[in-house]
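K.L.:
Sending over a structure as structure tokens; questions will come in a sec.
The values are calculated or read from the model by the stated rules, or taken from the named source; none is laboratory data. Quick caveat: nothing in here was measured; it's all calculated off a predicted structure. Because the Cβ atoms are built from the backbone with ideal geometry, glycine has one as well, and the counts that use them run over all protein chains shown. For the accessible areas, the whole protein counts, side chains as well, though only heavy atoms, and no ligand, DNA or RNA atoms are used. Shrake-Rupley method; radii C 1.70, N 1.55, O 1.52, S 1.80 Å.
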Amino acid sequence: MSRLELLVDRDGPLTRAAVLTDGRLTDLHIDHAGRPSLLGAIILGRVERIATGLNGAFVDLGNGLSGLLPAADVRRPVLDDDSPQPRPNRPGAKPAPIGALLRTGQPVLVQVKADAVGSKGPSLTMDITLPGRFLVHAPLGRDIAVSKRLGTGPERAALARRIEQLATGAGWIVRAGAAQVSDDLLAAESEALHLQWRAIRDDARAGSAPRLLHPGPDAPTRALIEQGAAAPAAILVDDQASAGGIRMGDGPLLSGLRNWCDRHAPDLLPRLSVHKDAHGDAQRLFDLRDLDSAIAELLDVRVPLPLGGSLVIERTEALTVVDVNAGERGNPLDVNLDAAAEIGRQLRLRNVGGIVVVDFVNMRSRGDAERVLAALSQAVESDPVQTQVYGMSKLGLVELTRARRGTPLAALLRP
């Protein structure tokens, strides 16, 4: 069975959370203090302009920033307001005209579902969700939705009934890992998420707009949430407060992570510890595990494959292109199978979003092409970001899409 570890440190303006599987970097989350992300943040905004042509509204988020709220993402209001309330859209239904749903100056509770890109502001929704390791709370919903990764068998219905009995409040999305954990953990997480929502809602009703109510999860928290039921065997934090070269106690990273685990993941508290160098020379955790060089390699255009051959990953304005090179290896199928696994890893580590086109090495038969497609689909299956693999063309090109989420690694690490 694979051993997972989560390593967390702070390097200048960067807060880094690296997931290692059997010692190899398999997931990476980075926050940049100078380029903060709003992804997942819940904000009490104010409608500043109705954009009829876009069938959406621009919402003032504060600090001179505004985002677009499409009509399809307008939901029933949760704020106490004596004025007439618009009729909300129902998820999946054809959206009503934005002018029938919102009015200029109206306060709205929104969540950022995509960060600003270039001159395009953040993308917003009123479908508020609070993610946990096993459950996602959707407090404006009433249903229990179970992950499609559990298939269509009786396990889905049984898990939905189980959550209905255990969960606090209504509106839940059940992640696949929930089937593997105890009732106590599920009940505790649902209660913590429900209390979190009530605090956000009460805060929204108590003050003026625009203002931030709840920030999105930071890098270490995102790493734990996205691992789900695959909990790390160890969580090491290189973050001890110091003065004059003498270590004084827990630093803010360790304290913040401990507080989050105490509220949302008490089972992880025994696995959380501060990094202490065995040789006593204060060697940094990421240096000790050679992670700095592994992260630097993620900025390279060329990626060597484990058994020979390479990938060339280049970003254009419209899409990302991945070229598979066989090198001196003679079997195209073997090269492509190795490449498929590494492509899934690289897209996740580099946080590539949008359209991706992969140029595989030409193969002899359609059966080989189907094996490569299956391998690529399997490589992206565990990616928490929605990724869709399409068919292979006669030229050996495969198209896939990966939802944009947060800032790409290259943009975070650029000078």
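K.L.:
Which of the residues spanning segment 288-314 are out of contact with any Lys or Arg (no Cβ under 9 Å at 6 or more places or on another chain) and either assigned to a strand (DSSP E or B) or within 13 Å of GLU342 (Cα to Cα) (or both)?
P.N.:
Result: ARG302, VAL303, PRO304, PRO306, GLU314.
K.L.:
Taking the conditions exactly as written (in contact with a Ser or Thr (Cβ under 6 Å, 6 or more places away or on another chain) and at pLDDT 85 or above), does ALA199 satisfy them or not?
P.N.:
no
K.L.:
Within segment 325-333, can one find any residue that is in contact (Cβ under 8 Å) with a residue 24 or more places away in the chain, open to solvent by 20 Å² or more (accessible area, probe 1.4 Å), closer than 30 Å to ASP115 by Cβ and in a loop (DSSP other than H, G, I, E, B)?
P.N.:
Within segment 325-333, none of the residues are in contact (Cβ under 8 Å) with a residue 24 or more places away in the chain, open to solvent by 20 Å² or more (accessible area, probe 1.4 Å), closer than 30 Å to ASP115 by Cβ and in a loop (DSSP other than H, G, I, E, B).
K.L.:
Given the criteria assigned to a helix (DSSP H, G or I), in contact (Cβ under 8 Å) with a residue 12 or more places away in the chain and open to solvent by less than 30 Å² (accessible area, probe 1.4 Å), does ALA188 qualify?
P.N.:
no
K.L.:
Output the residue which, of all residues in segment 383-397 that are in contact with a helix residue (DSSP H, G or I) (Cβ under 8 Å, 6 or more places away or on another chain) and outside any strand (DSSP E or B), is nearest to THR407 (Cα to Cα).
P.N.:
Within segment 383-397, the match that is nearest to THR407 (Cα to Cα) is VAL385.
K.L.:
Applying the selection to segment 228-281, what residues are among the acidic types (Asp, Glu) and either at pLDDT 80 or above or out of contact with any Leu (no Cβ under 6 Å at 6 or more places or on another chain) (or both)?
P.N.:
Within segment 228-281, ASP238, ASP250, ASP262, ASP267, ASP277, ASP281 meet the criteria.
K.L.:
So which pairs qualify, if the first residue must be in segment 335-355 and within 17 Å of GLU314 (Cβ to Cβ), the second must be open to solvent by less than 40 Å² (accessible area, probe 1.4 Å) and aromatic (Phe, Trp, Tyr), the Cβ gap must be under 8 Å, and the two must be at least 6 apart or on different chains?
P.N.:
ALA339/PHE360
K.L.:
Restricting to segment 302-322, and then to whatever is in contact (Cβ under 8 Å) with a residue 24 or more places away in the chain and open to solvent by 50 Å² or more (accessible area, probe 1.4 Å), can you tell me which residue is farthest from ARG24 (Cα to Cα)?
P.N.:
Once the filter is applied, the top-ranked residue is ALA318.
K.L.:
Pick from segment 201-221 the residues that are open to solvent by less than 50 Å² (accessible area, probe 1.4 Å) and outside any loop (DSSP other than H, G, I, E, B): which of them is nearest to ARG348 (Cα to Cα)?
P.N.:
Out of the qualifying residues, it is ALA219.
K.L.:
Can you find, within segment 132-164, the residue that is surrounded by the most Cβ atoms within 10 Å (Cβ to Cβ) among those that are farther than 18 Å from GLN386 by Cβ and of a type in the set (Val, Ile, Thr)?
P.N.:
Among those residues, the one meeting the criterion is ILE163.
K.L.:
Right, here's the next one. In this structure, does ALA178 turn out to be touching a Ser or Thr at 6+ places or on another chain (Cβ under 9 Å), touching a residue at least 24 places away in the same chain (Cβ under 8 Å) and either more than 22 Å from LEU349 (Cβ to Cβ) or in a strand (DSSP E or B) (or both)?
P.N.:
Yes.
K.L.:
Any chance segment 394-407 includes a residue that's open to solvent by 30 Å² or more (accessible area, probe 1.4 Å), farther than 24 Å from SER123 by Cβ and not aliphatic (A, V, I, L, M)?
P.N.:
Taking every residue of segment 394-407 in turn, at least one turns out to be open to solvent by 30 Å² or more (accessible area, probe 1.4 Å), farther than 24 Å from SER123 by Cβ and not aliphatic (A, V, I, L, M).
K.L.:
List every residue pair whose Cβ atoms sit under 8 Å apart, with the two residues 6 or more apart in sequence or on different chains, where the first one lies in segment 193-204 and is within 10 Å of THR168 (Cβ to Cβ) and the second, anywhere, is assigned to a helix (DSSP H, G or I).
P.N.:
Hits for this filter: LEU193/HIS264.
K.L.:
So if I check each of VAL372, VAL385, VAL358, which one is open to solvent by less than 30 Å² (accessible area, probe 1.4 Å) and either hydroxyl-bearing (Ser, Thr, Tyr) or modelled with pLDDT of 95 or more (or both)?
P.N.:
Within the list VAL372, VAL385, VAL358, the selection yields VAL358.
K.L.:
Now a separate question. Can you find a residue that is surrounded by fewer than 18 Cβ atoms within 10 Å (Cβ to Cβ) and touching a helix residue (DSSP H, G or I) at 6+ places or on another chain (Cβ under 9 Å) anywhere in segment 36-49?
P.N.:
Within segment 36-49 (the criterion being surrounded by fewer than 18 Cβ atoms within 10 Å (Cβ to Cβ) and touching a helix residue (DSSP H, G or I) at 6+ places or on another chain (Cβ under 9 Å)), the answer is no, since none of the residues qualifies.
K.L.:
For the subset of segment 400-415 comprising residues that are of a type outside the set (A, V, I, L, M, F, W, C) and under 22 Å from the mean Cα position of the chain (by Cα), which member is farthest from ALA318 (Cα to Cα)?
P.N.:
ARG414
K.L.:
Starting from residues that are closer than 19 Å to THR407 by Cβ and open to solvent by 20 Å² or more (accessible area, probe 1.4 Å), keep the ones in segment 16-35 and report whichever is nearest to the chain's Cα centre (by Cα).
P.N.:
This residue is ASP31.
K.L.:
If you don't mind, another one. List the strands (runs of 3 or more DSSP E) inside segment 2-66, counting only whole elements, that have at least 1 residues being in contact with an Asp or Glu (Cβ under 7 Å, 6 or more places away or on another chain) and over 23 Å from ALA206 (Cβ atoms).
P.N.:
So the answer is 4-11, 14-21, 24-32, 56-62.
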